[in-house]
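Before any comments, here is the structure.
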């Protein structure tokens, strides 16, 4: 069955249309379109088959929609809550099987001490995955991309998360830069060449 598309015309979804019908409508690169399988609308130049058929240039980057500071902060809180919660449970279960009080405390602290390392690995894996986001970011519908709007590599994810050290010191000034940059980048985003973008609310 041939692929069909829903086209937004004067603010209202119309269709479905075939590729041939879209050609006859003389759609523009910035027109909003989706297929029945897509969760959200995209601009026509973001859809590969439409670029090939209609000669649109591939967008250099997805620049219009950036994750705000409060969205990023809430996503980070959610990630900390989930990871720390899991380790609290692990620590609690572990100490149930240890009789000596000093050993219980040492074991619990040892387990909790690895939380930052696990969080670092978690961010690297999730941000370089097909989802491009941690669970917290997915809930807030934001994701990490490179400067061309594409999925980042594991190496870039490692670089980005290591650079958070510079964003945190001193006094988290590097994070506050998001308020003063056009693309709402924190210092670690600038250093690693990444953006945090959000899905359109349509």
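The values are calculated or read from the model by the stated rules, or taken from the named source; none is laboratory data. These numbers come from a predicted model, not from an experiment. Cβ atoms come from the backbone with ideal geometry, glycine included; neighbour counts cover every protein chain shown.
A few comments on the model shown:
Quick grid of which residues meet (1) surrounded by 12 or more Cβ atoms within 10 Å (Cβ to Cβ); (2) part of a helix (DSSP H, G or I):
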| residue | (1), (2) |
| --- | --- |
| 6 | yes, no |
| 50 | yes, yes |
| 70 | no, yes |
| 76 | yes, yes |
| 82 | yes, yes |
| 92 | no, yes |
| 95 | yes, yes |
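- Filtering 98, 105 for residues that are more than 30 Å from residue 45 (Cα to Cα), free of Cβ contacts under 8 Å to residues at least 12 places away in the same chain, touching a helix residue (DSSP H, G or I) at 6+ places or on another chain (Cβ under 6 Å) and not assigned by TED's automatic domain parsing to the domain that holds residue 46 leaves a single hit, 98.
- Test result for residue 46, out of contact with any helix residue (DSSP H, G or I) (no Cβ under 8 Å at 6 or more places or on another chain) and surrounded by 14 or more Cβ atoms within 10 Å (Cβ to Cβ): yes
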